[in-house]
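Student: I have a structure here, written as structure tokens, and I will follow up with some questions on it.
The values are calculated or read from the model by the stated rules, or taken from the named source; none is laboratory data. Bear in mind that the values here come from a model prediction, so they are computed numbers and not experimental data. We place every Cβ from the backbone using ideal geometry, glycine too, and count neighbours over all the protein chains shown. Only protein heavy atoms, including side chains, enter the accessible area calculation; ligands, DNA and RNA are left aside. Shrake-Rupley method; radii C 1.70, N 1.55, O 1.52, S 1.80 Å.
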Amino acid sequence: MLWPVFMVWCTAFSQRAVHAVRPNIILFLADDLGWNDVGFHGSNDVSTPNIDALAYSGLVLQNYYVTPICTPSRAALMTGKYPIHTGMQHGVIYGAEPRGLPLTEKILPQYLKDLGYKTHLIGKWHLGSYKREYLPLNRGFDSHVGFWTGRIDMYDHTSMEHGSWGFDFRRGFKVAHDSFGRYATDVYTNEAIKVIKGHNASEPLFLMVSHSAVHSGNPYEPLRAPESEVEKFKHISDPKRQKFAAVLSKMDESIGKVVDSLHTQAMLENSIVIFSTDNGGPAAGFNDNAASNYPLKGVKNTLWEGGVRGAGVLWSPLLEKKSRVAAQRMHIVDWLPTVYSAAGGDISAFQNIDGIDQWHSLSKDEKSSRTSLLHNIDDVWASAALTVDQWKIHKGTNYNGAWDFWYGPDERSGVYNVSRVCDGYAGKVVQKLGFMPDGDKIFELRNTATLKCNSSIEAIPCQPLQAPCLFNIEEDPCEKRNLAEQEPEILQKLLEELNKVNKTAIPQNSKPIEPKGDPKNWGRIYTNFGDFDSKHASSVCL
Ligand SMILES: *[C@@H]1O[C@H](CO)[C@@H](O)[C@H](O)[C@H]1NC(C)=O
Ligand SMILES: *[C@@H]1O[C@H](CO)[C@@H](O)[C@H](O)[C@H]1NC(C)=O
Ligand SMILES: *[C@@H]1O[C@H](CO)[C@@H](O)[C@H](O)[C@H]1NC(C)=O
Ligand SMILES: *[C@@H]1O[C@H](CO)[C@@H](O)[C@H](O)[C@H]1NC(C)=O
């Protein structure tokens, strides 16, 4: 008697599975956020209760790596390829630079469109804007609200570069004059909620919110947040760090509101939420900023762990083993195949990428198949770094070694208020879904995710401009003990590996600034100067 009933249930289930909508993919990209700028890594001065709630109920990506700087990292994220394989390995794209991510590259939103996704970009692009064909709407995004260059002032939405300046905020191809004066993070929050509310839930959604925070703005006032937000961080004595915390807190609130909106629209349960920084933090005044990579060495745009080990979280009800500090080694190039695979796509669609599908190892907590990581090879700086198994080699360094140190703040003192995690926008909905672990578990996860340098390790200096350095990154994540002399064979092996990888590099493609691209020629607006045509004026600019 039971058998036919079972059959019926089974059929019903498989029919449901066939019609199930692919998971929504929500990607929050923070700009210039450091390792020690999230509560879940042990920081007590800043406040990120919404990101923390996702971390504790999802996966803290503890061995997650990005590239050292913005454009290369975004290129890696979009293409699944190391920047040396797209020519994007040296530095950022400037608004007046005639360059973009090569059009021969098929990118993440285009792959997701093949699977039926609706694709939306909110916030920063920074992969080329001198010609229309490089812009987000011509590269797989159905909509874009945000900016094209590397950073904007949070209120006036202008960008200062190379002694010039221009307004940089768009709604698709059109200049979004109406955004002037509105706090950029709030603009993104409202746009994201609008996209979610307007989305047809029987189709899958790819929403990328690419934040301005916590990148510094223009030199006249690099770190801007509403006064009421800055007031909340009076306990931070360094005024720059206080403002930084306010900018960060606004981004955290935005993420919480977007997650809450996904829940309201009944989309959260079938969503994969990714949080990632694009590169390590600009600490100690680097780029006029006040991030912290404590206890890691170096800053943004260096190949030390502080420049490349990224704050990252993966959250989804679809993960089998949740609420853990994931040891799986992962690189930002892995997101493309990982997301595609999680969406039910066949990863044989990818040819010649460097990314590895990590979905099953992350979901089931199985060993990552990634053993090696290329951090970058940049022949302009003459620097390179590579990790194989537990070993990391540095050849050369950036800025002539000026940023090869350890910077704070550490801020391990003070109290971590778990109620704030539970009471935040994200915390509340995560609790409603039944995924929030209890307080003890939260402290246990946080403790595991709080990196400590091993103080018994004997420091051996590294002079990368004189000779390559070698570190055991598992025992010595703080890069204090240079083992190049003790382990000549391993050093040799890694040098050979670096040479091998270097042979696959294509030349870097950065170009001199073009005077024509100066926004002073275009009514103080950053524009697609390479093919601007007055016939298109109504749809492009001015
Ligand atoms: C929503 O999407 C489904 C599947 O593509 C489609 O059949 C339906 O017509 C759409 N609804 C609206 C209101 O557009
Ligand atoms: C902790 O956060 C809650 C809000 O979630 C607040 O009511 C409480 O006062 C905070 N406790 C401390 C010690 O700051
Ligand atoms: C710290 O380093 C010492 C010396 O290399 C080693 O014996 C010890 O096991 C390390 N401790 C931890 C917790 O890794
Ligand atoms: C990579 O190869 C180029 C020549 O093609 C060379 O100039 C450069 O020094 C090499 N870089 C490294 C890190 O070996």
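Student: For segment 354-415, state which trypsin sites (Lys or Arg not before Pro) are in a DSSP loop and have at most 16 other beta carbons lying within 10 Å of their beta carbon. If you can, show how the numbers build up before the last one.
Tutor: Numbers: sites: LYS364, LYS367, ARG370, LYS392, LYS395, ARG412; in loops: LYS367, ARG370, ARG412.
Answer in residue order: LYS367, ARG412.
Student: Amide H to amide H under 5 Å from SER271: which residues, 5+ apart in sequence or cross-chain, H placed 1.01 Å off N in plane?
Tutor: ASN24
Student: Also, I was wondering about something else. May I ask which residue of LEU494, ILE525, PRO477 lies farthest towards the positive end of the charge dipole of segment 446-537, with charges of +1 (Lys, Arg) and -1 (Asp, Glu) on Cβ and the Cα centre as origin?
Tutor: ILE525
Student: Which lysines, on any chain, are close to LYS452 with Cα under 26 Å apart, when same-chain ones fewer than 8 places away are left out?
Tutor: LYS240, LYS297, LYS300, LYS321, LYS322, LYS367, LYS392, LYS395, LYS441, LYS480
Student: Continuing with the same structure: What residue among SER43, PRO226, VAL258 has its Cα farthest toward the positive end of the dipole of segment 21-448, where the charges are +1 on Lys, Arg and -1 on Asp, Glu, each on the Cβ?
Tutor: It is VAL258.
Student: How large is the helix-only mean residue ellipticity at 222 nm for the chain, computed as the sum of -39500 (n - 2.57) over DSSP H runs with n ≥ 4, divided by its residue count, in deg cm²/dmol to the nearest 500? Present the calculation step by step, with values, prior to reporting the outcome.
Tutor: Numbers: 15 runs with 151 residues, N = 542.
Taking each H run of at least 4 residues, the total per residue is -8000 deg cm²/dmol.
Student: Which percent, to the nearest 5, of DSSP beta bridges fully inside segment 21-448 are antiparallel? Each step should come with its number before you reach the end.
Tutor: Details: 28 of 58 bridges.
Restricted to segment 21-448, the bridges split so that about 50 percent are antiparallel.
Student: Relative contact order of the chain: what whole-number percent is it, with Cα pairs under 8 angstrom and at least 6 residues apart? Don't skip to the end; give the middle numbers.
Tutor: Details: 1242 pairs, mean separation 135.2, N = 542.
Relative contact order here is 25 percent.
Student: Return the sequence-ordered ³J(HN,Hα) values of segment 412-417 in whole Hz as given by the Karplus equation 6.51 cos²θ - 1.76 cosθ + 1.60 applied to θ = phi - 60°, using x for Gly and Pro.
Tutor: 8, 6, x, 10, 9, 8
Student: Taking the Cβ of GLY166 as the center, what net charge do the other residues with Cβ under 9 Å away carry, scoring Lys and Arg +1 and Asp and Glu -1?
Tutor: It works out to a net charge of -1.
Student: When Lys and Arg each count +1 and Asp and Glu each count -1, what net charge do the other residues less than 15 Å away from THR264, Cβ to Cβ, add up to? Show your work: numbers first, answer last.
Tutor: Details: positive: LYS194, LYS197, LYS257, LYS428, LYS432; negative: ASP260, GLU269.
Charge balance near THR264 sits at +3.
Student: Convex hull volume of the Cα atoms in the chain, per residue, in Å³?
Tutor: Working: hull volume 86.3 nm³, N = 542.
Each residue corresponds to 159 Å³ of Cα convex hull volume.
Student: Within a Cβ distance under 12 Å of ALA96, other residues only, what is the Lys/Arg minus Asp/Glu net charge? Write out the running numbers ahead of the final one.
Tutor: Working: positive: ARG99, LYS511, LYS516, LYS520; negative: GLU97, GLU161, ASP168, GLU514, ASP518.
Once positives and negatives cancel, what remains is -1.
Student: Mind listing the phi-derived Karplus ³J(HN,Hα) values for segment 152-157, rounded to whole Hz, using 6.51, -1.76 and 1.60 with θ = phi - 60°, and x for any glycine or proline?
Tutor: 9, 5, 5, 9, 8, 6
Student: Over all distinct Cα pairs, what is the inverse of the mean 1/r for segment 368-500, reported as the Kirkwood hydrodynamic radius in Å?
Tutor: 17.9 Å is the Kirkwood radius here.
Student: Near the amide H of HIS331, under 5 Å away, which other amide H atoms are found, from residues 5 or more places off or on another chain, if H is placed in the peptide plane?
Tutor: TYR65
Student: In whole percent, and with a 1.4 Å probe on the protein chains, what portion of the accessible area of the chain is carbon and sulfur?
Tutor: For the chain, the apolar C and S fraction of the accessible surface comes to 53 percent.
Student: Still on this structure, I have one more. If you average 1/r across every pair of different Cα atoms in segment 145-304 and take the reciprocal, what Kirkwood value do you get, in Å? Working shown, then result.
Tutor: Numbers: mean 1/r = 0.0586 Å⁻¹.
The Cα-based Kirkwood calculation yields 17.1 Å.
Student: Treat every Asp and Glu Cβ in the chain as -1 and every Lys and Arg Cβ as +1, leave all other atoms uncharged, and give the resulting dipole magnitude about the Cα centre to the nearest 20 debye. If you can, show how the numbers build up before the last one.
Tutor: Working: 56 positive and 61 negative charges, 236 e Å.
The dipole magnitude comes to about 1140 debye.
Student: Using only the alpha carbon atoms of segment 251-307, find the Kirkwood hydrodynamic radius as the inverse mean reciprocal pair distance, in angstroms to one decimal.
Tutor: 13.4 Å
Student: Taking amide hydrogens as modeled 1.01 Å from N in the peptide plane, which residues meet the under 5 Å criterion relative to LYS81, leaving out close sequence neighbours?
Tutor: Answer set, sorted by chain and number: ASP354.
Student: On to the next question. Can you compute 3J(HN,Hα) from phi for each residue in segment 90-96, using the Karplus curve 6.51 cos²θ - 1.76 cosθ + 1.60 with θ = phi - 60°, rounded to whole Hz and x for Gly and Pro?
Tutor: 10, x, 9, 8, 8, x, 9
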